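Rule-based calculations on the coordinates, nothing more; no lab input. All values reported here derive from a predicted model rather than from experimental measurement. A quick note on method: Cβ atoms are made from the backbone with ideal geometry, for glycine too, and the neighbour counts reach across all protein chains shown.
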Amino acid sequence: MTTKDILDKDGVRLPIKIDSTSNGEYEPIPISKRNREGNKLALEWATKNAKSKGQTRREFLVSSCGAASTLLAINHANAYYGSTGGFFDVTTESALETDSANAQVGGGEFIFDVQGHYVNPEGDWLSRIPPDARPYAGMQKARCAAGGEGDRGYLDCLSESEFIKDIFLDSDTDIMVLSFVPSTHETEPVTIEDADRTREIVAELDGSKRLMIHGRVNPNQDGDLEAMDELAENWNISAFKTYTQYGPGGIGYFLHDDAGIAMIERAKKLGVKNICIHKGLPFGPRSYEHSQSSDIGVVAKMFPEMNFLIYHSSYVSTNEEVEFVAGAGRDGIDTLIQSLVDNDISPNSNVYAELGSTWRLLMQKPDDAAHALGKLLKYCGEDNVLWGTDSIWYGSPQDQIQAFRTFQISNEYQERFGYPAITQRVREKIFGKNAAVPYGIDQREIQRLTASDFVSQEKLAYQENPQPNFLTYGPKTKREFLNLLKWGG
């Protein structure tokens, strides 16, 4: 066994991860027959192509050719089933020619991921759950080589160092915003203090700014409005994050309710212009109404000086995405677009659509991906679609990056529905340039700071023998999902 075979000696993990993994906010959705056949074909092609290049299958899959070959196999399976409205624009030769593969799945874009997560393996939250509970133990990642001793030593597999490896060493991500999960303050698996500590670790050298953090607030929950002051004044937060479908007794709220207006007005007074709002991916029937985005255009019009960042873009994973038709009454992304239209919010205004989990799910459905991205670019504007991955739940975000670098809306869909082509200019905007505006960062300054920081030095050495996991970490079955809701694993 060579050093390149440490994590997956048989080379059975594909670099583009198409599976049923959830981010824990929705019940895992089994992948389709088309997806299963695409994965099977990808492994078959990897075996053949590795042999042609004189490599082990693991060596091949870790390479750029491995990613390109996998995307080609996915294209082939999609086309066989008639799904050609969107596709991964990868040439056949890239499966064997490294320069060609690098040109297509590689890139030097500035990548700003505005939705990331990690789990603190030593947090005080562990003291508030039953002693025999094993949170996150069901994740494949929890069986990593870094797992420590004791009943919960496996949580080291989800620690800051593993987070840094997945996000910055195994992917092309430059900077990320650490976001929060819906919870009370007492049950947060990552507190604002934890997030700040992780930010300090990543910035160990040269003062780089690779991590930014949100402040979690649910204004329909006792004490959260008052806590906004402390979050803004003491933690250098870049935005407030809220979940409109979360609240006491499972009852959510709308942003144009009294509680929502109070939150926005308080954020404005505190000088925090960004409100990040979880929409779509409803937690269940009781939260469905408040996961829709009919309120977004209303508050965007009321507060033109504020930025409203719609996390998940209001996507509903069980929908079939089709062309937006005004007044059709569809849910999900279309409720966001309808709200913008109804309130005369023009493209590239103060409403931003974020792709965390949305793009990850759309990777499985190319026609839906073409409609969803086409609608967001058309109605939110090419300056107002933001890159997010919701990782660590989906493992390293590199596969999402590589897939997006190559995705294209077909000429047929562009002509029929008026969708724009996804040009390199548009990709660069979505990957990072767009988010730099509401988050108030200077791309060149960030790249200068990160060019020689702790992470970049680690990455330079790491690239001599990269060891990507090619694993996803969130729940993959209904049972795992229910366990996660109960105890976090």
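A straight line joining the Cα centroids of the stretch 349-412 and the stretch 58-74 runs 21 Å.
In terms of packing, defined here as the mean over residues of other Cβ atoms within 10 angstrom, the peptides 234-240, 313-319 line up highest first as 313-319, 234-240. Taking the Cα centre of the stretch 362-489 as reference, the dipole from Cβ charges on Lys and Arg (+1) and Asp and Glu (-1) amounts to some 320 debye. Cross-link candidates for K51: which lysines have Cα within less than 24 Å, leaving aside residues fewer than 8 places away along the same chain? Filter leaves K4, K9, K17, K40. Separation of the stretch 209-244 from the stretch 413-489 is 22 Å, based on Cα centroids. If only the Cβ of Lys and Arg carry +1 and only the Cβ of Asp and Glu carry -1, the dipole of the stretch 317-380 around its Cα centre is close to 180 debye.
Among the listed pairs K268/K433; K273/K375; K273/K433; K301/K433; K209/K378; K165/K429, those with a Cα-Cα distance over 21 Å are K268/K433; K273/K375; K301/K433; K209/K378; K165/K429. Close amide H pairs (under 5 Å, H built 1.01 Å from N) link V177 with D113, V114, Q115, G116, M212, residues at least 5 positions away or on another chain.
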